Amino acid sequence: MRRRPLIWHLFPSYLLVIILSIAAAIWFFAHSARQFYLNKYARGLEARGIILREQISKYDFESETGLLDDLCKKLGHESGTRITVILPSGKVIGDTDEDPSKMENHINRPEIQEALKGEVGIATRYSHTLNETMMYAAVPIKGNNQI
């Protein structure tokens with residue numbers, strides 16, 4: 001009876017270790033790349049919001065809602081970004097894609113809650129309007145010592 005060479009005893013276990021190591025490295029790289037991309041995208045949204053804040057803050061949110069909605073539609077289409085202007089009550093007064101009067105109140109959204117505290121709020125969640133996962137950034141606009 002002939003004995004199998006030692007290599008055939010060791011090869012399967014080494015092969016398994018190599019395959020598991022490669023799989024773990026691929027998973028780690030994919031996870032790291034995804035986090036990097038999401039963080040970079042969030043910072044980009046935040047920067048756009050800060051830039052837009054300067055243009056939007058020039059309007060009177062109570063009396064110039066039509067002009068604000070037109071500005072949202074114009075700037076949103078030019079920048080390829082959906083822009084929504086929301087009052088502290090959660091009422092939408094301007095939006096790139098929708099008629100603000102037909103939109104639901106946004107007060108309970110996590111990014112809006114952060115913005116109402118004076119911070120930039122960022123959230124990733126499923127959009128029932130667009131039927132896909134979206135990232136949202138809310139930048140507070142301060143005037144007369146209030147948001």
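The values are calculated or read from the model by the stated rules, or taken from the named source; none is laboratory data. In this text the structure is predicted, and so the values were computed from the model without any measurement. Glycine gets a Cβ as well: all are built from the backbone with ideal geometry, and neighbour counts include every protein chain shown. Accessible surface is based on the protein model in full, side chains and every heavy atom, while ligands, DNA and RNA are left aside. Shrake-Rupley method; radii C 1.70, N 1.55, O 1.52, S 1.80 Å.
Only one entry of 104, 54 meets the criterion of being touching a strand residue (DSSP E or B) at 6+ places or on another chain (Cβ under 9 Å) and either free of Cβ contacts under 8 Å to residues at least 60 places away in the same chain or in a helix (DSSP H, G or I) (or both), and that entry is 104. Of the residues making up segment 101-127, those that are over 22 Å from residue 143 (Cβ atoms), open to solvent by 70 Å² or more (accessible area, probe 1.4 Å) and more than 15 Å from the chain's Cα centre (by Cα) number 4. Residues that are free of Cβ contacts under 8 Å to residues at least 24 places away in the same chain and in a loop (DSSP other than H, G, I, E, B) within segment 118-144 comprise 119, 128, 130, 131, 144, listed in sequence order. Given (1) open to solvent by less than 90 Å² (accessible area, probe 1.4 Å); (2) among the hydrophobic types (A, V, I, L, M, F, W, C); (3) within 19 Å of residue 143 (Cα to Cα), identify the lone condition not met by residue 51. It fails just one condition, (1). Pairing residues of segment 75-96 that are free of Cβ contacts under 8 Å to residues at least 40 places away in the same chain and within 15 Å of residue 139 (Cβ to Cβ) with residues that are assigned to a loop (DSSP other than H, G, I, E, B) and among the polar types (S, T, N, Q), at Cβ distances under 6 Å and at least 6 apart in sequence or on separate chains, gives 76/96; 82/96; 83/96. Report yes if residue 35 is open to solvent by 70 Å² or more (accessible area, probe 1.4 Å), in a helix (DSSP H, G or I) and in contact (Cβ under 8 Å) with a residue 12 or more places away in the chain, otherwise no. Here the answer is no, as residue 35 does not meet what is asked. Only residues that are of a type in the set (Asp, Glu) and open to solvent by less than 80 Å² (accessible area, probe 1.4 Å) were counted in segment 65-97, giving 2.
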